[in-house]
Every structure is written in C-alpha cells, then in structure tokens.
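The values are calculated or read from the model by the stated rules, or taken from the named source; none is laboratory data. Note that the structure is predicted; figures quoted are calculated from it, not measured. Neighbour counts are summed over all protein chains in view; Cβ atoms, including those assigned to glycine, are modelled from backbone coordinates with ideal geometry.
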Amino acid sequence: MMSGLTYDDSFSDQNILRASGLGELQPCLGHNNSAELPQMSSVNPTSSARRLKPLSLASMAGQSDPQLSLLSAPEVEFLAEDEMVEIVPNIKMESLNMICGDFGPFFPQIACKVPLWLAAALKKRGKCTIRTPEWMSVDKLTQVLETERETPREFQPLPFHYIEISKLLFDHAHDDVQDTYMVRSLIEDIRDVRFHKVESGLENISGRTHAVKLKNLSAMEVNIVRPFMMRTLQAFYKHDNPQIIQQHNISGRKQPQVLTRSTRNLRPR
Amino acid sequence: MPDYYDMDDIIMEDQHIQVIFQVGANGVGLLDPGSENNSVEKGAKVELPFWLAHELQLRQAVSIYLPACFSQKTRNEIKADAACVNLKVHCPYFYELGCKIVPLVSDKTIGSFLYETFTSRYLEMLSKSHSASVLTAPKFLPRLSKEEIQLFEASRSSMMAFKKWRAGGSRLEKAPVLGRKRKTTIPTFPSSP
C-alpha cells in the first residue's frame with residue numbers, strides 16, 4: 001500500500017479548511033471510491049509547525065523504495081469492471097448465483113443492472129446489448145469538456161473509472177454507443193485537459209506542501225501520477241528539512257525547538 | 001537505522017571526499033598514496049570514502065573539505081542555468097551527498113543551494129517526463145543525477161504502461177517459457193502410403 005506520507009495527529013480538519021483559502025491546487029475533499037487506490041490531498045498550511053514523517057527514510061534515497069508499488073493499468077481496468085452497467089438481454093436465463101452476488105433472472109428486452117465484467121461476457125456471446133451510461137452522451141461530455149477548460153484549478157466530477165469503462169465499452173460494445181467517434185474523441189480531450197491540470201498543479205509544489213489534494217481525479221489518472229508525485233513530495237520534504245535546521249543554527253537560540261520538533265516526528269505511527 | 005539497507009545509500013557513501021587529517025595516524029598509510037612509511041601525518045590531504053570520513057569527523061580526527069561538486073565554480077554554473085548542468089559528471093549522487101554533508105561542513109548555504117537547484121531542475125523534468133516521447137529522453141537523461149533519474153523513470157514508466165494499455169490488445173500474455181523452440185530427438189519417418 002502507500003508508503004509515502006503520513007499525517008500528524010494534530011493536523012485537524014480545521015487547519016485544512018483555514019489554509020484552504022490560500023491553497024494553490026484545489027483544496028477540497030478527496031474523492032475515494034475504492035479502497036485499493038490511495039488518496040492524495042494537498043494543502044499549503046501557513047504555519048510551519050507541522051511536518052510529515054515519511055514512512056520510508058526522509059531522504060531522496062527513498063527514490064529506490066520498492067514499496068512505491070504501482071497498480072498496473074490492466075489491474076486498474078480489472079478493478080473498474082466491478083462497476084454496474086445496464087444491459088438489455090435478448091435471451092431468457094435463470095439467475096446467476098455467484099460469490100459476489102446474485103444477478104437476477106434475465107428476461108428478453110427487460111433491462112437489468114449487472115457488473116461490467118458480466119456485461120462484457122454476455123455481450124461477447126451475443127446475449128445482450130449494453131446500454132451506455134448516461135454520463136457518456138455527447139452532450140454531457142461536451143459540457144464537461146467546456147467546464148474543464150474554463151476552470152483551470154478544478155476537476156469536474158466524473159465517474160471514478162470513466163477511462164476504463166469507456167475503453168471497455170468501445171472494445172466490446174461499440175455498436176451500442178451512439179456517435180462512437182465523437183464520444184471517443186471527447187473523452188480523449190477531457191483526459192488531456194485534466195492531465196495538463198495535474199501537471200501544472202505539480203509545478204506549484206514547494207517544500208511547504210504537506211500533501212496534495214486532487215478532487216475528482218479518476219482512478220487511472222491517479223495511477224499514472226502516483227509514483228512521481230510521491231517521490232517528488234519525499235524529495236521536497238528531504239530538501240527543506242536541513243534548511244530549517246540551518247536557519248536555526250544561524251539564530252542559535254531556537255535550538256531546543258528543533259530538538260522537540262524532531263522528537264515529535266519520531267513518534268511511532 | 002532506516003538508511004542501512006538502502007542500496008543507493010550504500011553506493012553513495014562510497015564516494016570519495018577530500019579530507020585533511022587533524023591527527024597523525026599509524027598503520028593506515030594505504031590511504032595516502034604519497035606517504036613513504038605506513039602512516040598518515042597530521043595535515044595530510046587524503047581522499048577517503050564518505051562513510052569513513054564521516055566517522056572520523058565525528059571523532060575529530062579529520063576535517064572535511066567541500067567536494068568539488070559544491071565549489072563556487074559549479075555553483076555559479078548552476079545558478080546560471082540549473083537545468084542544463086550535467087550533474088552526473090560532477091557527482092551522480094549530488095543531492096544525497098549534499099544532504100549528508102550539510103551537518104559536517106561549516107558552510108551553511110549548501111542546503112538552500114541544493115533546494116534551489118532541485119526546484120529549478122524539477123520543473124524542467126516535469127514537463128519532459130510526462131510527454132514520454134522516445135526522442136527527448138536520451139538527450140536529457142545523461143544530465144540527471146541518480147535520484148533524479150529514479151524520479152524520471154517512475155513517471156515515464158507509468159506513462160508508457162498507460163499508453164500501452166490504451167492502445168489495446170489482449171490482456172493475456174504468452175508465457176515466455178512457451179516461446180522457446182525445442183528440438184525433438186525423435187527422427188521423423190516418412191509416412192507409409
């Protein structure tokens with residue numbers, strides 16, 4: 001799991017909200033659907049009193065930390081297949097009783113909700129047609145794209161796995177999607193715009209950043225930036241730390257404060 | 001100690017540093033190539049690996065010189081344009097070494113200098129790494145220090161994996177064991193009519 005950063009206990013929600021007025025990247029609550037993908041949040045606190053303690057060593061040598069594990073893209077796709085979609089079967093079938101749940105008896109032309117993996121399997125055998133989710137219409141996507149372009153700091157709410165769901169639908173059920181090419185290009189554009197926002201947000205990271213909060217970022221996007229962002233934050237943390245010690249050395253009387261701070265950081269998590 | 005098992009840390013500490021011996025040392029004449037007898041005199045300038053220099057400094061036996069990569073000349077180079085400086089030539093573990101040296105040397109400005117260098121190079125690296133084109137990378141990579149390379153590779157590999165996934169293809173891969181052709185020793189007979 002994530003072995004980059006942990007929070008100090010005293011980092012209360014109040015501080016997040018107070019500092020959020022001055023934050024750079026959008027300081028909002030994170031959006032977390034799945035427990036497997038770690039959450040990232042970014043706030044720029046004005047008070048320098050709180051320091052994160054990285055679980056791995058506080059150094060750029062943490063770059064070679066093998067615990068910065070990555071879910072590979074097919075794995076994220078696999079997780080995305082648990083999302084429910086609506087299908088319209090064209091056969092009659094009794095209910096499927098599986099470990100993850102029961103999927104009700106299927107009657108021809110009666111819509112029902114099943115997980116995406118089941119929908120793809122049925123579609124491959126020609127037993128159903130998949131109904132596109134309502135967020136995947138040309139109008140909605142155009143609207144999302146417009147708002148994405150207008151707000152340079154925020155991400156628009158989109159389904160957590162929109163990239164994977166759209167890819168799977170295009171692969172298996174492209175005849176069920178209206179205006180396939182339009183939808184496809186719109187999703188590509190949305191993805192590009194969002195990714196550029198992530199990049200430009202990354203430019204603003206300084207040593208003071210304790211955490212990065214990215215609201216409404218989707219699973220695949222999180223997966224792409226995760227190793228880079230964690231390493232960057234570790235590196236910045238490492239580089240800012242000795243500076244503080246140096247500044248305190250120059251103005252010698254603050255020495256004891258440095259000591260208490262470091263012992264506080266060593267508190268076991 | 002968390003640093004103990006880290007591979008890069010071990011390699012980094014093996015870098016050589018110039019030190020000046022504050023005391024005479026007997027029996028370690030190997031360290032000083034210019035000594036005639038088997039000892040190092042006080043005031044001799046020797047190159048030692050960092051881990052040794054660190055320990056001896058704690059015992060007040062040596063004093064450490066600032067390595068060449070932090071000299072004024074390099075600093076001016078870096079201040080001019082941080083992104084273009086070839087750090088690998090100077091010292092592949094630039095940042096690590098700098099951070100370790102900070103408490104040992106009397107120069108107080110190293111920390112902030114490292115920080116500024118890293119910040120400016122980081123911005124450059126950010127843009128390059130995510131575009132992930134095959135052409136830009138080889139020109140840029142030799143200039144990075146080891147730590148920066150890891151950062152770079154992390155983002156690039158995840159980007160490439162994503163692109164590969166995006167391009168599609170079967171999710172099942174053929175196991176590499178099956179790829180090898182085997183020679184059958186059984187001779188084939190012509191089929192009888």
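Name every residue in region B:22-68 that is over 25 Å from B:MET12 (Cα atoms), touching a Lys or Arg at 6+ places or on another chain (Cβ under 8 Å) and either of a type outside the set (A, V, I, L, M, F, W, C) or at pLDDT below 70 (or both), in order of residue number.
Once the filter is applied, which keeps residues that are over 25 Å from B:MET12 (Cα atoms), touching a Lys or Arg at 6+ places or on another chain (Cβ under 8 Å) and either of a type outside the set (A, V, I, L, M, F, W, C) or at pLDDT below 70 (or both), region B:22-68 yields only B:GLY24.
Out of curiosity, is A:ILE187 surrounded by 14 or more Cβ atoms within 10 Å (Cβ to Cβ) and in contact (Cβ under 8 Å) with a residue 60 or more places away in the chain?
Considered against the rule, which asks whether it is surrounded by 14 or more Cβ atoms within 10 Å (Cβ to Cβ) and in contact (Cβ under 8 Å) with a residue 60 or more places away in the chain, A:ILE187 comes out as no.
Could you name every one of the helices (runs of 4 or more DSSP H) located completely within region A:112-200 that has at least 1 residues being within 14 Å of chain B (Cβ to nearest Cβ) and farther than 27 Å from A:ARG226 by Cα?
A:116-124, A:162-173
Taking the stated definitions as given, is A:ARG149 surrounded by fewer than 21 Cβ atoms within 10 Å (Cβ to Cβ) and closer than 18 Å to A:LEU217 by Cα?
Spelling it out, A:ARG149 is indeed surrounded by fewer than 21 Cβ atoms within 10 Å (Cβ to Cβ) and closer than 18 Å to A:LEU217 by Cα.
Please state which one of B:SER192, B:SER112, B:SER120 is at pLDDT below 70 and not assigned by TED's automatic domain parsing to the domain that holds B:GLU55.
B:SER192
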